[in-house]
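Inspection log for the structure reproduced underneath, given as structure tokens.
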Amino acid sequence: MSTMDLFGELPEPVSALQAEPVQAQMQRLREQLHHHGHLYYTLDAPEIPDAEYDRWFKQLQALEAAHPELITADSPTQRVGGSVLDAFTSVRHRVPMLSIRTETDTESSGAQAFDARVRRELGLDDSAPAIDYVAELKFDGLAMSLRYEQGVLVQAATRGDGESGEDVTTNIRTIGQIPLRLQAAPDLALPNVLEVRGEVFMRRDDFDALNERQRAKMDAGVKGEKTFVNPRNAAAGAVRQLDSGIAAQRPLSFFAYGLGDVTPVSDGGPQFATHYDMLQAFKRWGFPVADQTQCVQGAQGLIAYHRHIAQARDQLPFDIDGVVYKVNDLALQAQLGFVTREPRWAVAHKFPAQEELTTVLAIDVQVGRTGKLTPVAKLAPVFVGGVTVTNATLHNEDEARRKDVRVGDTVIVRRAGDVIPEVVSVLFDKRVGEALAFTMPHSCPVCGSDAVREEGEADYRCTGGLFCSAQRKQAILHFAQRRAVEVEGLGEKLVDQMVDSGVVKTLPDMYRLGFAGLAQLGRMADKSAQNIVAALEASKSTTLPRFVFGLGIRHVGEATAKELARYFGSLDRIMDAPEEALLQVNDVGPVVALSLRTFFDQAHNREVVAQLRACGLHWPEGEPAAQVAQPLAGQTFVLTGTLPTLSRDQAKDLLEAQGAKVAGSVSKKTSYVVAGAEAGSKLDKARELGVPVLDEEGLQKLLADVTDTAATNQGVHIAPESNT
Ligand code: IVH
């Protein structure tokens, strides 16, 4: 039936109102939806309110419901899914989907080996110029081939064995970032046939939200629901969903990175000289291409890219498992060709995996500084995230129960960046033993005191306090750390020896050990004992905030200690302050105030403080804040890069002493950015927002100016450290 015939028969409410032929109306709505969908999903820059988009969408749906014969494959309404398949049909790839050779060597050797190979294959000698490469992210999702005919998406297929995959078109249509129809671009011919290849994946935030929803369904008792192990599994599950309505609820993303079948150039197909130009064309046709894609030169360029991405990895909103290097010039790619199933012009350079399988040898319960009991899985050593991991936290009783980790289980451990390794999940079908479910002990595994879990709290705590040697050890390590009084070289092993031998029962005991006492511990060399004695001596000269933080009062972190020191000026005033006075301090609420009062009301804690002072610990004290000028109060500074003489902590202390806040990221509200050598994106952001930028000299001058003015105004001389 021709569409013209249809027009006459239509009883269309909307078109009657608007006197616009229904087909034209549908066409207009589709174009509007395509355009604004692209702005929203791919460019992340919507220009209209969501409600407006939804209104058009519903109008189009209504028209299509009345005229199902006018539904087109590229209609945005086809994204919602709904059809349920028995099985996917198999699709033969007209151009095979290859894999790439993988290097897992160190930063430089993988890149150098690849560059050397390419140069050799091309017959280039050392005098030939560096080769241009495109460096890309290696996305951790699944490869997809998207076929467009006359600009319309007609088929989406998985990689399968590379020769043929599965037709997953209905599911892929639900991905908002994938154009259902290619966008026309002036001066860029639309090929009759175009296969764009890329990766379907799930962002980490989308993954977390999905698992959250899954957990809520499980809690509500919905049958057959489960949480997903990682974004890649969740993405793979969504792509292979037979019910496209379910697939539509799984938030997937896409990046384009390659070409499959394409109409020959002679036939009006595209003409790109380089891989990079091709990616730019993909963008103009409406595909997302990762911003991190870069043109670089030679092995050095590849190495720098690898280093940069390895550092940025944990800040990316999605998982990657490495980087991919590709020869940029397509003529050179053709010349290099393929070996078996791999192109000679590309290589993947992998990062260490962030998740690995291992087995649980035991589940221990560790006691922290504040008495918190943490269940920890002891693991068969496994190399993950770049280090060998033997312990992984199970966080607390509820988490341990939810994951149901048992001794002997095969588990997935994850270590991303500097985060403590954790057990992600158990592979239940590999469970063989008869191990019992984990239960939290009701007494401290170290000192035997009662362990209690207070109402509304997630953690069990040992009630033993400093009677508990585990808490004592942690208290010493906390006091000795760099951010507190800093006793250089005092590590866990030595603290274990001090406490286990019984010679150190309280913090002051440590200062009374002396050379002889230390040398007796274990088999410590004289030189090491001397070093520790010197470090203990050096730690005696400290600052009030470091000392207060070092005491390890519950809820009193570094920032709160600084605020307390600034507000009260002296330790005695802090120790004697009633709760109402404590509540006047920035960052101090009722919980912190109570914790401070409780701590200083205990006679033995006051005794420890007195003894530490008697041992020689000292710091500059000053006036209470009410009497001290805070010339930079209300101003926010951001520090970036390396300053020539000041360390970051020193610069921060100087600024905070004058009442300034030091923040981690630049915004319109930032007063100044202080930038040193190798300042990065924060400096760019400052310039973009017009935030004034200071170097160290500028900072020193500003500090000198404000302290001068403040002193003149108030008749108080402020030495830089006097009120910290
Ligand atoms: S190019 C002929 N580029 O890695 C080269 N692949 O074995 C074809 N992958 O299954 C692949 N990110 O799913 C290429 N930027 C990227 C990639 C990438 C991830 C995956 C892809 C493929 C595997 C390579």
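The values are calculated or read from the model by the stated rules, or taken from the named source; none is laboratory data. It should be emphasised that the depicted structure is a prediction, and the values quoted were computed from it without experimental measurement. Neighbour counts run over all protein chains shown; Cβ positions are idealised from the backbone, glycine included.
Scanning the stretch 536-554 for residues that are more than 14 Å from Leu596 (Cα to Cα), of a type in the set (A, V, I, L, M) and surrounded by 16 or more Cβ atoms within 10 Å (Cβ to Cβ) returns Leu536, Leu544.
Applying the condition of being surrounded by 15 or more Cβ atoms within 10 Å (Cβ to Cβ) and outside any helix (DSSP H, G or I) to the stretch 1-20 and asking which residue is modelled with the lowest pLDDT yields Leu10. The requirement of being assigned to a helix (DSSP H, G or I), among the aromatic types (Phe, Trp, Tyr) and touching a strand residue (DSSP E or B) at 6+ places or on another chain (Cβ under 8 Å) is fulfilled nowhere in the stretch 314-330; no residue meets it. Could you go through the stretch 140-157 and let me know if any residue there is within 14 Å of the ligand (Cβ to nearest atom), hydrophobic (A, V, I, L, M, F, W, C), buried (at least 21 other Cβ atoms within 10 Å of the Cβ) and closer than 22 Å to Asp277 by Cα. Within the stretch 140-157, one or more residues are within 14 Å of the ligand (Cβ to nearest atom), hydrophobic (A, V, I, L, M, F, W, C), buried (at least 21 other Cβ atoms within 10 Å of the Cβ) and closer than 22 Å to Asp277 by Cα. Residues in the stretch 92-131 that are under 18 Å from Asp167 (Cα atoms) and within 16 Å of the ligand (Cβ to nearest atom): His93, Arg94, Val95, Pro96, Met97, Leu98.
Just to verify a result, which residue in the stretch 284-311, among those that are free of Cβ contacts under 8 Å to residues at least 12 places away in the same chain and more than 14 Å from the ligand (Cβ to nearest atom), is surrounded by the most Cβ atoms within 10 Å (Cβ to Cβ)? In this case the residue turns out to be Ala304.
Scan Val365, Val419, Val407 and give me the residue that is away from the ligand (no atom under 16 Å from the Cβ) and touching a Leu at 6+ places or on another chain (Cβ under 6 Å). Just a single option satisfies the conditions, and that option is Val365. Any residue that is of a type in the set (Asp, Glu), within 24 Å of Gln354 (Cα to Cα) and part of a helix (DSSP H, G or I) - is there at least one of those in the stretch 418-434? Yes, the conditions are met somewhere in the stretch 418-434. Among the residues of the stretch 182-212, those identified as of a type in the set (D, E, K, R) and either in a strand (DSSP E or B) or surrounded by 13 or more Cβ atoms within 10 Å (Cβ to Cβ) (or both) are Glu195, Arg197, Glu199, Arg203, Arg204, Asp206.
For the stretch 376-386, state whether one or more residues are assigned to a loop (DSSP other than H, G, I, E, B) and within 22 Å of Val323 (Cα to Cα). The answer is yes, given that some residue of the stretch 376-386 is assigned to a loop (DSSP other than H, G, I, E, B) and within 22 Å of Val323 (Cα to Cα).
Based on this model, can you work out whether Thr543 counts as hydroxyl-bearing (Ser, Thr, Tyr), out of contact with any Cys (no Cβ under 8 Å at 6 or more places or on another chain) and over 20 Å from Pro624 (Cβ atoms)? Before you say what the answer is, go through the steps one by one.
Values: hydroxyl-bearing (Ser, Thr, Tyr): yes; out of contact with any Cys (no Cβ under 8 Å at 6 or more places or on another chain): yes; over 20 Å from Pro624 (Cβ atoms): no.
For Thr543, the condition - hydroxyl-bearing (Ser, Thr, Tyr), out of contact with any Cys (no Cβ under 8 Å at 6 or more places or on another chain) and over 20 Å from Pro624 (Cβ atoms) - is not met.
Taking (1) modelled with pLDDT of 90 or more; (2) in contact with a Ser or Thr (Cβ under 7 Å, 6 or more places away or on another chain); (3) within 30 Å of Glu136 (Cα to Cα) in turn, Ile420 satisfies each apart from (1).
A quick yes/no check of all residues on (1) surrounded by 13 or more Cβ atoms within 10 Å (Cβ to Cβ); (2) more than 29 Å from Ala565 (Cβ to Cβ); (3) of a type in the set (S, T, N, Q):
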position: Val423; (1), (2), (3): yes, yes, no
position: Lys430; (1), (2), (3): no, yes, no
position: Ala475; (1), (2), (3): yes, no, no
position: Val487; (1), (2), (3): yes, no, no
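One residue alone among Tyr133, Tyr41 is under 33 Å from the mean Cα position of the chain (by Cα) and at pLDDT 95 or above, and that residue is Tyr133. Among the residues of the stretch 346-381, those identified as loosely packed, with under 15 Cβ neighbours inside 10 Å and either small (Gly, Ala, Ser) or more than 23 Å from Val229 (Cβ to Cβ) (or both) are Ala362, Asp364, Ala380. Listed here are the helices (runs of 4 or more DSSP H) enclosed by the stretch 555-644 that have at least 1 residues being in contact with a Phe, Trp or Tyr (Cβ under 6 Å, 6 or more places away or on another chain), surrounded by fewer than 19 Cβ atoms within 10 Å (Cβ to Cβ) and touching a residue at least 60 places away in the same chain (Cβ under 8 Å): 558-568.
Scanning the stretch 390-421 for residues that are crowded, with 21+ Cβ neighbours inside 10 Å and without any contact (Cβ under 8 Å) to a residue 40 or more places away in the chain yields a count of 2.
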